[in-house]
Amino acid sequence: MSETLCANNDDHLRAIEALYSGHHGWLYATLRKKLGNAMDAADLAQDTFTRILASRVTVIEQPRAYLSCVAKGILINWYQRKALERAYLDALAHVPAAEVPSPELRFMVLETLHEIDAMLDALPPLVKRAFLLSQISGLKYDDIAEQLDVSLITVKRYMKQAFVQCLLLVA
């Protein structure tokens, strides 16, 4: 079954509505089975259709395969976000009660962590590794070059690339 989305905005919206009404139940049930949680499944199904609506896709040859692909990407991001949140909350569990940040500050820190995580994921793997070895492990550039088996100038180039991404995130 092929569904075509037209360039005309009204036609596009009607096609998305047809896609939604024809396949939302299936997508929701699939996500609920994977997650074991109806509310998260409903949120992720909505996020999937929202992303498709924003994408302005013109043709969907296999709607369920396409929905599965889009939902899988959203699900991976969701799992990463949950893992990051768990790690942060675990770290907070070791902080003395008097020093625990307010819920508002925790939210802001989590949002910042998500932005940093997304920025790091956008870096090429060796650039990301060099940056983390420097910033988290505290290695000097010479040691990073040796560990990654690249030249010192390459490590400096990697670090410049990572710092540029950091500056873009701040801006």
**Message:** As an exercise: evaluate Val150 against (1) more than 19 Å from Leu84 (Cα to Cα); (2) assigned to a helix (DSSP H, G or I) and give the number of the one condition it does not meet.
**Reply:** (2)
**Message:** Quick check on my filter: what residues within the range 131-141 are at pLDDT 95 or above and part of a helix (DSSP H, G or I)?
**Reply:** Tyr141
**Request:** Would you please name the residue that is modelled with the highest pLDDT, looking only at residues in the range 56-78 that are part of a helix (DSSP H, G or I) and either loosely packed, with under 11 Cβ neighbours inside 10 Å or in contact with a Gly (Cβ under 9 Å, 6 or more places away or on another chain) (or both)?
**Result:** Ala65
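If we scan the range 109-117, do we find a residue that is outside the structural domain of Leu35 (by TED's automatic domain parsing) and touching a residue at least 40 places away in the same chain (Cβ under 8 Å)?
First pass over the range 109-117, keeping only residues outside the structural domain of Leu35 (by TED's automatic domain parsing): 109-117.
Applying the additional criterion that residues be touching a residue at least 40 places away in the same chain (Cβ under 8 Å) yields 115-116.
Yes, the range 109-117 has at least one match.
The values are calculated or read from the model by the stated rules, or taken from the named source; none is laboratory data. These numbers come from a predicted model, not from an experiment. Heads up, the Cβs are rebuilt from the backbone with ideal geometry, glycines too, and the neighbour counts pull from every protein chain shown.
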